[in-house]
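Below: the structure, in structure tokens.
The values are calculated or read from the model by the stated rules, or taken from the named source; none is laboratory data. From a predicted model like this one, the values you see are computed outputs, not experimental measurements. All Cβ positions, even for glycine, are placed from backbone atoms using ideal geometry, and neighbour counts span all protein chains on display. Surface accessibility is based on the protein's heavy atoms, side chains included, excluding ligands, DNA and RNA. Shrake-Rupley method; radii C 1.70, N 1.55, O 1.52, S 1.80 Å.
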Amino acid sequence: MRILIVEDEPDLLASLAQALREEGYAVDTSDNGDDGLFNAEGTDYDAIVLDVMLPGLDGWEILKRLRKIKKTPVLMLTARDQTRDRVKGLDTGADDYVIKPFDLAEVFARLRAIIRRSTNKTTNLIEIGQVKVDTAARQVFYLDKIIELTAREYALVEYLALHRGVVVTRTQLYEHLFDENDSSLSNLLDVHVSNIRKKLGADFIITRRGHGYCIA
Ligand code: CA
């Protein structure tokens, strides 16, 4: 999953980005409204964390313009005294909001929820044959045993599981699993796929030559 954070407070932006990366998300950041809109329009993020008060375009304006072309799930960051703004946000097309100062755990939970809704899943548990993916705990089970996956491997399994039955192209995977800061080495999709097959069974991820990967 690839997330865009638009936030102008440097400390908050850095800590949020780091925390989300530790959770296994690919994260891009913008520290002003114009750059935020540019990124939001140009890349198919799985979700956007959007601050309201920003230099340049504010969060509402970004949301309004984005909604004309994209349904990307948006989590607004609002201040405690912006109650009326929250209603406005949900009217404008925000999917949810958190109030500053917030708990990281709450941001994670709300992000998971809006991403899950956008993929039309109603539960946190995806069952595929002998494999179970718990998207809330970010854990994968094979034959009811917890399987240790790296953050990248988990992200790949989760993305394919959420798009089960659909062939996901390599380009799509690169766009959703890796961010601007990833080195080319960590981007070796084939290596991740091969490692996942060793852990979850050789036929868990199917390769469609010339097209991409699929979980049937
Ligand atoms: Ca701000």
* Is there a residue being more than 23 Å from residue 200 (Cα to Cα) and either among the β-branched types (Val, Ile, Thr) or open to solvent by less than 40 Å² (accessible area, probe 1.4 Å) (or both) anywhere in segment 121-130? -> yes
* Structure fact -> When segment 35-44 is checked residue by residue, the ones that are open to solvent by 10 Å² or more (accessible area, probe 1.4 Å) and more than 14 Å from the ligand (Cβ to nearest atom) are 37, 38, 39, 41, 42, 43, 44
* **Residue in segment 9-18 that is within 12 Å of the ligand (Cβ to nearest atom), aliphatic (A, V, I, L, M), at pLDDT 95 or above and over 13 Å from residue 111 (Cα atoms) present** => yes
* Total residues in segment 139-185, condition loosely packed, with under 12 Cβ neighbours inside 10 Å, modelled with pLDDT under 90 and not polar (S, T, N, Q) -> 2
* **Condition met for residue 189 (touching a Leu at 6+ places or on another chain (Cβ under 8 Å), of a type outside the set (S, T, N, Q), over 12 Å from residue 1 (Cα atoms) and not assigned by TED's automatic domain parsing to the domain that holds residue 76)** => yes
* Taking interchain pairs and intrachain pairs at least six residues apart, which have beta carbon atoms under 6 angstrom, with the first residue in segment 8-20 and farther than 14 Å from residue 33 by Cα and the second away from the ligand (no atom under 12 Å from the Cβ)? -> 17/27; 17/29; 19/104; 20/3; 20/27
* If you take just the strands (runs of 3 or more DSSP E) that sit entirely in segment 110-216, which of them hold at least 1 residues that are in contact with a Cys (Cβ under 8 Å, 6 or more places away or on another chain)? -> 206-208
* Can you name the number of the only condition in (1) within 26 Å of residue 199 (Cα to Cα); (2) aromatic (Phe, Trp, Tyr); (3) open to solvent by less than 50 Å² (accessible area, probe 1.4 Å) that residue 60 fails? -> (1)
* **Hits in segment 19-34 - residues which are within 14 Å of the ligand (Cβ to nearest atom) and surrounded by 17 or more Cβ atoms within 10 Å (Cβ to Cβ)** => 29, 30, 31, 33
